[in-house]
Amino acid sequence: MSEKVVRQLPNIIVPGKTIGIIGGGQLGRMMALAAKQMGYKVGILYPEKNCSAAQVADWQIIAAPDNQESLLDFAMKCDVITYEFENIDADKMEELNKTVAVPQGSTLLAIAQDRILEKAYLEMNKVNLAPYEMILTVEDIEIATSSIGFPCVLKTIYDENEEKGQRILYGEEDIPKCELLLKKGTCILEAWIPFERELSIVISRNAAGNLSIFPTTEIVHRDNLLEETIAPARVSDEVTQEVKRISQTIAEGLDLVGTIGIELFLTPSGALYVSELVSRPHSSANYSIDACSMSQFETHIRAICGWPLPEITLLSDAVSITIFGEQMESVERQIHLKPSWHFHYYGKNEARIGRIMGHVTILTKNIDKTLENISDTGIWI
């Protein structure tokens, strides 16, 4: 008699348990909304009272993410912990994992925080990158530009804020202007990639290796902040498949549990260069709330809680566009004029210039016509 093989389902964190989110911004808010819809309790750790994420959570610990005592208190109240931004000490996350499940771990966090580690990991996985050099001094820039050439981009490898600093150098006259950036520490100098389109892809993976891969999208930045996402990207099937292959290679190589965003440059010749990894849900897939069979926020919660992950279907082409503080009044007037637009606001009280306040997603059958309609509003130029 043949022996019967009994397969046990992997342990999952069931609804009713508590998910702790480190961070209080809009991504944490949308994670919390997804988790609440799935039946979880949600706690937030963030120093700002009544922050965007806390408004939709069950409770909040008001503390900085580097406060060891508060982190431990937070861990004791949660069944699983995730994070919505990268300005967190990776070693503290490793330590926290001894008290409570932190499925994303610390490796991806450390890689995403440090451009040198990020590039080393990508090179190890044979992912195409822009030529670069490590920079410590102005003299290093002078030497590096002789091979990298102009234009090029000087970037800090890590900064106190989530946004890393950078400066474009168009010629030798720009080299002395880099001293202030170099005072922040080691930098890298990257060759400028003359890209035709900037692309993004988001992928979620659970501990069992199930994947949810979102469509490849086009993205547009304004002052280093994401302004617009077009789904799907207007590129060839070959490019789409290669972006998907790259994302799977990166996710599986990292043994990812959770969600990552990957930004890429596409050149006129069809070459792809990975420009950045983001170790959490990515704003470029915010459109997935309205346009996909499941949002990136639900797949992220599923992944960290051990649920199976589905294949993602794009239900409608879409354009998603960021609402900045200075645009609030103009966008609010569009509520009366655009009944089919999906308006998402993040509950932020102060509308400052350049501050991200929300986003709008427009489902469409004609992307070019929708882009014209957006332009005609005069809000996004």
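The values are calculated or read from the model by the stated rules, or taken from the named source; none is laboratory data. Quick caveat: nothing in here was measured; it's all calculated off a predicted structure. Reconstructed Cβ throughout: ideal geometry from the backbone, glycine too, with neighbour counts over all protein chains shown.
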Can you name the residue in the range 329-381 that is in contact with a Ser or Thr (Cβ under 9 Å, 6 or more places away or on another chain), in a loop (DSSP other than H, G, I, E, B) and among the hydrophobic types (A, V, I, L, M, F, W, C) and, of all such residues, is farthest from residue 289 (Cα to Cα)?
381
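Is it fair to say residue 296 is buried (at least 19 other Cβ atoms within 10 Å of the Cβ), modelled with pLDDT of 95 or more and over 22 Å from residue 203 (Cα atoms)?
No: the conditions fail for residue 296.
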Answer yes or no as to whether residue 75 is touching a residue at least 12 places away in the same chain (Cβ under 8 Å) and either on the phi < 0 side of the Ramachandran plot or surrounded by 14 or more Cβ atoms within 10 Å (Cβ to Cβ) (or both).
yes
Exactly one of (1) farther than 20 Å from residue 211 by Cα; (2) modelled with pLDDT of 95 or more; (3) surrounded by fewer than 24 Cβ atoms within 10 Å (Cβ to Cβ) is unmet by residue 229. Its number?
(3)
What about residue 88, is it among the aliphatic types (A, V, I, L, M) and under 17 Å from the mean Cα position of the chain (by Cα)?
yes
Restricted to the range 141-178 and to residues being basic (Lys, Arg) and either in a loop (DSSP other than H, G, I, E, B) or within 13 Å of residue 191 (Cβ to Cβ) (or both), the residue modelled with the highest pLDDT is 155
First in the range 16-41 and modelled with pLDDT under 95, second anywhere and assigned to a helix (DSSP H, G or I) and small (Gly, Ala, Ser), Cβ under 6 Å, 6 or more apart:
none
Filtering the range 34-73 down to residues that are closer than 13 Å to residue 84 by Cα and assigned to a helix (DSSP H, G or I) yields 54
Can you name every residue in the range 74-110 that is in a helix (DSSP H, G or I) and more than 14 Å from residue 43 (Cα to Cα)?
90, 91, 92, 93, 94, 95, 96, 107, 108, 109, 110
Just to be sure I understand the filter: pairs with C-beta atoms under 6 Å, separated by 6 or more residues or on different chains, first member in the range 185-196 and touching a residue at least 12 places away in the same chain (Cβ under 8 Å), second member surrounded by 16 or more Cβ atoms within 10 Å (Cβ to Cβ) and of a type in the set (Asp, Glu). Which pairs pass?
189/133
Looking only at residues that are surrounded by 19 or more Cβ atoms within 10 Å (Cβ to Cβ) and either among the hydrophobic types (A, V, I, L, M, F, W, C) or over 23 Å from residue 277 (Cα atoms) (or both) in the range 102-129, which one is modelled with the highest pLDDT?
102
I'd like to check something: does the range 124-132 contain any residue that is out of contact with any strand residue (DSSP E or B) (no Cβ under 9 Å at 6 or more places or on another chain) and closer than 24 Å to residue 183 by Cβ?
no
Looking across the range 282-330 at residues that are closer than 17 Å to residue 35 by Cβ and of a type in the set (Phe, Trp, Tyr), the single one that is nearest to the chain's Cα centre (by Cα) is 297
In the range 256-293, which residues are free of Cβ contacts under 8 Å to residues at least 60 places away in the same chain, under 27 Å from residue 102 (Cα atoms) and surrounded by fewer than 24 Cβ atoms within 10 Å (Cβ to Cβ)?
293
Can you tell me which residue is surrounded by the most Cβ atoms within 10 Å (Cβ to Cβ) among those in the range 313-357 that are free of Cβ contacts under 8 Å to residues at least 40 places away in the same chain, more than 14 Å from residue 25 (Cα to Cα) and of a type in the set (D, E, K, R)?
338
